[in-house]
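Asks: My questions will all concern the structure given below.
The values are calculated or read from the model by the stated rules, or taken from the named source; none is laboratory data. What you are looking at is a predicted structure, and each value in this text was computed from that prediction instead of being measured. Neighbour counts run over all protein chains shown; Cβ positions are idealised from the backbone, glycine included.
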Amino acid sequence: MNYSLPDALYVALFFSAIYFAAALLTGIWKWRAMLASSNGMAHSYVDIAHHAALHYGPFILLAGVLAAFWPFEATLPAWALIAAMGVTMVLSLSRYISLGMRGTITNQLHKPTGSARIGLVFFFFGSALPGLLIALGALIALWAKLPGMPL
């Protein structure tokens with residue numbers, strides 16, 4: 001079959017598939033960790049990795065759908081923003097998985113290391129900022145299509 005979708009949505013679907021697989025695998029990991037634990041709970045970062053994978057998939061998929069309305073394609077392609085978000089979230093998820101495998105800390109921000117501080121800045125500029133730009137672009141494009149033109 002041949003589908004014709006906006007490039008940003010293809011990129012978003014690609015990363016969403018990664019997070020879907022990661023959510024399934026980290027869910028198995030969390031379940032096994034809960035079974036092996038004396039209190040029936042997985043390590044904090046095993047839990048965070050699973051939840052991050054569950055949240056990142058729909059988040060980037062929604063960003064891809066919103067990017068279909070991106071009005072600034074000539075200036076900045078929406079797929080580039082989606083790719084930046086996808087890579088940033090993969091790195092973030094990798095960090096959570098690494099911390100869960102080590103099992104040594106329960107809050108990386110309690111006494112943040114240099115890498116944790118850089119990671120937060122990287123996450124902001126690589127994920128939150130592109131996501132806000134995509135949402136803003138979609139709002140601008142959709143404004144004129146709203147029924148009854150509010151305000």
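Asks: Scan region 43-81 for residues that are among the β-branched types (Val, Ile, Thr) and in a loop (DSSP other than H, G, I, E, B) and report the count.
Replies: 1
Let's see how each residue does on (1) within 30 Å of ALA144 (Cα to Cα); (2) free of Cβ contacts under 8 Å to residues at least 40 places away in the same chain:
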residue	(1), (2)
ALA8	yes, no
ALA23	no, yes
THR26	no, no
ALA68	yes, no
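Asks: Looking at ALA21, ALA49, which is the one that is buried (at least 19 other Cβ atoms within 10 Å of the Cβ) and either closer than 13 Å to LEU99 by Cβ or among the small types (Gly, Ala, Ser) (or both)?
Replies: On the way: ALA21 fails: buried (at least 19 other Cβ atoms within 10 Å of the Cβ).
The match here is ALA49.
Asks: Kindly indicate the residue of region 95-107 that is surrounded by 13 or more Cβ atoms within 10 Å (Cβ to Cβ) and not aromatic (Phe, Trp, Tyr) and also modelled with the lowest pLDDT among those meeting that condition.
Replies: Looking only at region 95-107, we keep the residues that are surrounded by 13 or more Cβ atoms within 10 Å (Cβ to Cβ), and these are 95-97, 99-101, 103, 105.
Now narrow it down to the ones that are not aromatic (Phe, Trp, Tyr): 95, 97, 99-101, 103, 105.
Values: ARG95: 89, ILE97: 94, LEU99: 89, GLY100: 92, MET101: 93, GLY103: 87, ILE105: 80.
Looking at the filtered set, the residue picked out is ILE105.
Asks: Can you name every residue in region 1-37 that is in a loop (DSSP other than H, G, I, E, B) and either closer than 27 Å to ASP47 by Cα or at pLDDT 95 or above (or both)?
Replies: At the first step, the residues of region 1-37 found to be in a loop (DSSP other than H, G, I, E, B) are 1-6, 37.
Hit for region 1-37 is SER37, nothing else.
Asks: Could you tell me which residue of region 108-128 is modelled with the lowest pLDDT, considering only residues that are surrounded by 11 or more Cβ atoms within 10 Å (Cβ to Cβ) and part of a loop (DSSP other than H, G, I, E, B)?
Replies: Looking at the filtered set, the residue picked out is LEU109.
Asks: Next up: From ALA138, ALA84, which residue is in contact (Cβ under 8 Å) with a residue 24 or more places away in the chain, under 20 Å from the mean Cα position of the chain (by Cα) and over 21 Å from ALA53 (Cα atoms)? Write out each step before concluding.
Replies: Working: ALA84 fails: over 21 Å from ALA53 (Cα atoms).
After ruling out the rest, the residue left standing is ALA138.
Asks: Tell me, please, whether a residue that is within 18 Å of the chain's Cα centre (by Cα), at pLDDT 90 or above and among the aromatic types (Phe, Trp, Tyr) can be found in region 46-67. If you could, list the steps in order and put the result at the bottom.
Replies: The initial filter retains those residues of region 46-67 that are within 18 Å of the chain's Cα centre (by Cα), namely 46-67.
Those left that are additionally at pLDDT 90 or above: 46-67.
From the residues that got through so far, the ones that are among the aromatic types (Phe, Trp, Tyr) too are 56, 59.
Yes, some residue in region 46-67 is within 18 Å of the chain's Cα centre (by Cα), at pLDDT 90 or above and among the aromatic types (Phe, Trp, Tyr).
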